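I have placed the structure first, in the form of structure tokens, so that the comments after it can refer back to it.
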Amino acid sequence: MIKRVRFAVAAGALLACAIDLAAAPPVVLVIAADASNFVLAAGGTIAKMAEAGSPVYVIRVTNDEKDSWGLTAEETALRSRAETEAAARALGVKEVIPLGYRAAELADVSFSGIRDRLIFYIRHYKPGVMFIPNPYTEYDRVLDRYYTGAAAEDAFRAAALENFQLAHADVELGPHLTPELYYYAQPVDPRRKEPESTATFVPQPRSVDIAGTLQKKIAAASALKTVNESTARRLKARLDATERRLSLLDAIDESSIRRLAEVHVRGLGTTEEFRYAGIEFRIPRKYR
Amino acid sequence: MRTAITYRAILFAWGVAAFGADTILLGKLPKGKVVMVMQPHHDDHTTDYGMGGLIARFVDEGYEAYYVRASNDEKDGSHGYARNDMINLRESEEATRILGMKKVISLNWRNDYMGPIPLDELRAQLILLIRKYRPDVILGHNPWEHYQKNPDHRNVARAMAEAWWMAGYENVHPEHMKLGLKPHQASYLYLKARLDWGLGHTPNLAIELNESQVRRKQQAYQTHRNVYANPASARAVKSALARENLTVPEFEGLDDQAAAVRMEEWHMDWISRVRGKEAGVKYAEDYYFVDEFDHLPGLKAYLKENVRPK
Ligand SMILES: [Zn+2]
């Protein structure tokens, strides 16, 4: 009985929180491993939330230093930072917070180290919605997204628990439970649309129509000039090596790179696919 | 009355019942010159869930093939760590030679202790080898496999999952360029995993094998005598059947060692037939195939439509 009452209180608090959220657009916190993934996988949805009045913050975990063509790692990191900010602006994001981990070197970085930095920002911004890379996505070859997603998923959980990061209490960073969680990934996993199971506690597939913000997504993707040039040149190198051609890339210049980025975004379609865990995710079916 | 049964018939009947009859698309091999197999252990090139036949087919179609053994295999066998390492390496060299491979490159990480290793260091070694041998194709364990308990399989697969494409990036280990090596990216991946270990590995491609490729696969498998084809396994089967008054006519005149070899060969033949039946051919192996532009999901359809031969 006592358990049941306590549970009702907790569920009530969550629902109150939901009602509160209905009144003011929630803060949105996007955790991103790299510059391009959040734009390509979730950019339209993020722009939609920003248009609806949500303040959006992006935490970019790595510095993207490896993905360029003919630039040093240092130069790449510098450009990527500015370009990520430009991309985020195009989506209506208020601020990009770089954590500065070296790209493609997360495997040997402390998992809890990343998690604890994310906990800090979750408690600071108190988001109503979080976007995290889906660590359960299969066949995404950029494992930074896996490591970031795993740390972010744990940060989402631990930020709500008072016994994590005790020093935070002294600077008035209280525990924070984010009511809505979107797991994002580009559509590389052939089984991404399958429900995980019928169980209530498993995040389920959710599609968001982004036709209204597609232009912003294209503008954001186009701002990522360094990674776009890298993609275009690598693609052309591969085609050249195998005696093939793509007429769009006969000459690689700013306009063909931009065009390829636009084709890329359009090719992803006007729907973004997530795994979604909302408020009801936390309330077992029998109590609803 | 003693009843004679065919061991193969039992295996085959079980296999058909266990794996159903869904058809998987048959694939051709991509054009290329070099294939590298990146695996933790001496024997991972040929198991019931893959590779030996595909490796033989790559060789038949003109590929040079290299085997990277990441661990030292000290735990496989009953001769003590150091001797196990040496025996397993020797058998691996012999077995991969049967498949037509050119070389075994042993990285000698400690067997079954690859969970907590610095993964970037292993990846750097794989990247160095990719830049040296310049493979078009890489074969390995599926890093997204579910229920993989062996840390060596999990981590070598993870290192490979990044090494195969990162080797093409100039800013990844630029020190390699001091040797005159150039960035090089492999273009295709064939991933394998046990098919009875959950949803983490659902093959999307079957590769047809011919008779000779299956024979080489059988031979490569039973060459690993330190871990397979143990006479005791034949003895155990014979005595279990004897209790039921059954015999295996194919074992007649064979000692336990020869019978054990025969059993391992049937095992490879059987699984190749099961996969073949699923694909509508006599023999096959199944893989999760990662194509050259799968990492660009928004561009795939566009490229398919617009890329032309020069
Ligand atoms: Zn193994």
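The values are calculated or read from the model by the stated rules, or taken from the named source; none is laboratory data. None of the values given here were measured: they were computed from a predicted structure. Here the Cβ positions follow ideal geometry from the backbone for every residue, glycine too, while neighbour counts run over all protein chains shown. Accessible surface areas use protein heavy atoms only, side chains included; no ligands, DNA or RNA. Shrake-Rupley method; radii C 1.70, N 1.55, O 1.52, S 1.80 Å.
Looking at the structure I just gave you, is B:A229 small (G, A, S) and within 14 Å of the chain's Cα centre (by Cα)? The answer is no for B:A229. The residues in the range B:292-308 that are surrounded by 14 or more Cβ atoms within 10 Å (Cβ to Cβ), outside any helix (DSSP H, G or I) and in contact with a strand residue (DSSP E or B) (Cβ under 7 Å, 6 or more places away or on another chain) can be counted, and the count is 2. For the range A:85-133, taking the residues that are over 17 Å from A:A50 (Cα atoms) and touching a His at 6+ places or on another chain (Cβ under 8 Å), the one that is most open to solvent (accessible area, probe 1.4 Å) is identified as A:F120. Here's a check for you: in the range B:80-102, which residue that is of a type in the set (A, V, I, L, M, F, W, C) and surrounded by fewer than 17 Cβ atoms within 10 Å (Cβ to Cβ) is nearest to B:Q219 (Cα to Cα)? Selected residue: B:M86. Condition check for B:T47 on (1) at pLDDT 95 or above; (2) within 16 Å of the ligand (Cβ to nearest atom): one failure, at (1).
In the range B:135-151, the qualifying residues are those that are away from chain A (no Cβ under 11 Å) and in a loop (DSSP other than H, G, I, E, B), and the one that is nearest to the ligand (Cβ to nearest atom) is B:N150.
List the number of the failed condition for B:A242; all other conditions in (1) over 18 Å from B:G50 (Cα atoms); (2) in contact with an Asp or Glu (Cβ under 7 Å, 6 or more places away or on another chain); (3) aliphatic (A, V, I, L, M) hold. Status for B:A242: all satisfied but (2).
A Cβ distance below 6 Å, combined with a sequence gap of six or more or placement on separate chains, defines the contacts here; from the range B:282-302, residues that are free of Cβ contacts under 8 Å to residues at least 40 places away in the same chain reach residues that are in a loop (DSSP other than H, G, I, E, B) and open to solvent by 10 Å² or more (accessible area, probe 1.4 Å) in the pairs B:P297/A:Q186; B:P297/A:P187; B:P297/A:V188; B:G298/A:L268; B:K300/B:F293.
Criterion first (within 11 Å of chain A (Cβ to nearest Cβ) and open to solvent by less than 20 Å² (accessible area, probe 1.4 Å)) does B:I127 satisfy it?
Yes.
Kindly establish whether A:A73 is at pLDDT below 95 and either more than 17 Å from A:E180 (Cβ to Cβ) or hydrophobic (A, V, I, L, M, F, W, C) (or both). When the stated conditions are applied, A:A73 does not pass them. Against the list (1) buried (at least 17 other Cβ atoms within 10 Å of the Cβ); (2) in contact with a Leu (Cβ under 8 Å, 6 or more places away or on another chain); (3) not β-branched (V, I, T), the condition A:E273 fails is (2).
Only one entry in B:E170, B:E162 is open to solvent by 30 Å² or more (accessible area, probe 1.4 Å) and at pLDDT 95 or above, namely B:E170.
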